[in-house]
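Single-structure report; data block below.
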Amino acid sequence: AQSVTQPDIHITVSEGASLELRCNYSYGATPYLFWYVQSPGQGLQLLLKYFSGDTLVQGIKGFEAEFKRSQSSFNLRKPSVHWSDAAEYFCAVGSYNQGGKLIFGQGTELSVKP
Amino acid sequence: DTGVSQDPRHKITKRGQNVTFRCDPISEHNRLYWYRQTLGQGPEFLTYFQNEAQLEKSRLLSDRFSAERPKGSFSTLEIQRTEQGDSAMYLCASSLWTGVGNTIYFGEGSWLTVV
């Protein structure tokens, strides 16, 4: 079955510290991978995406993610977290074979300590 | 370029009433998607259109739910005889499907509370 797992429901980091949010997927077809961010009561904003090519992708707001096929992972990283990064982060997977629709993980809530 | 617009942003309705949500996608996007998100969960796929054709419906989309995209532009999602379990955020998204990469852009969502 196709699935996306975000093992960490809630993470707290200090402002200025580095961040890594984990994402593992199980998908039969060649996956497209995404990270979205959601502030309370708001829609989803695209942070970055991976379709093919370079496995390290850069996104907005200083985020990056690395696709590791052998580990079925697509972890999100940021070298220095800002208080405004506090939000819910969702990893999602899709493919051409699935009509492009996305399967989402349950999300990781990020809190930032001053 | 405006983003995906959804209306209304919030709706409170009594159980048994019908509600309709509207979505205006990014112009020239040929695909339009509806997702549902409950508290503490990731969005779940409901249905999607390519132009005016509804190509797929999830099993989550019961007979009380109907979605249309009559002219291949805006879309409506109607829920008939609402139940408390329908309380959720309904997210609309759109993309320009090229068959290679498909970046999906989401709207701000429509919150539904059934009392």
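The values are calculated or read from the model by the stated rules, or taken from the named source; none is laboratory data. In this text, all values refer to a predicted model and were calculated from it rather than measured experimentally. We place every Cβ from the backbone using ideal geometry, glycine too, and count neighbours over all the protein chains shown. Side chains are part of the model used for accessible areas, which takes the heavy atoms of the whole protein and leaves out ligands, DNA and RNA. Shrake-Rupley method; radii C 1.70, N 1.55, O 1.52, S 1.80 Å.
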Contact list, first residue from the range A:54-65 and within 16 Å of A:Leu44 (Cβ to Cβ), second anywhere and open to solvent by less than 50 Å² (accessible area, probe 1.4 Å) and basic (Lys, Arg), beta-carbon distance below 8 Å, six or more apart or interchain, is A:Lys61/A:Lys78; A:Phe63/A:Lys78
Requested in this report: Would you be able to say whether some residue in the range B:80-96 is under 19 Å from A:Val37 (Cβ atoms), outside any loop (DSSP other than H, G, I, E, B) and of a type in the set (S, T, N, Q)?
Outcome: yes
Pairing a residue in the range A:3-26 that is hydrophobic (A, V, I, L, M, F, W, C) with any residue that is open to solvent by 40 Å² or more (accessible area, probe 1.4 Å), where Cβ atoms lie under 6 Å and the two sit 6 or more apart in sequence or on different chains, gives A:Val4/A:Ile103
Every listed condition ((1) at pLDDT below 95; (2) touching a Gly at 6+ places or on another chain (Cβ under 7 Å); (3) open to solvent by 30 Å² or more (accessible area, probe 1.4 Å); (4) not hydroxyl-bearing (Ser, Thr, Tyr)) holds for A:Gly94 save (3)
Restricting the range B:55-107 to residues that are of a type in the set (Phe, Trp, Tyr) and away from chain A (no Cβ under 14 Å), the one most open to solvent (accessible area, probe 1.4 Å) turns out to be B:Phe74
The correct count of residues that are crowded, with 21+ Cβ neighbours inside 10 Å, away from chain A (no Cβ under 12 Å) and in a loop (DSSP other than H, G, I, E, B) in the range B:14-54 is 1
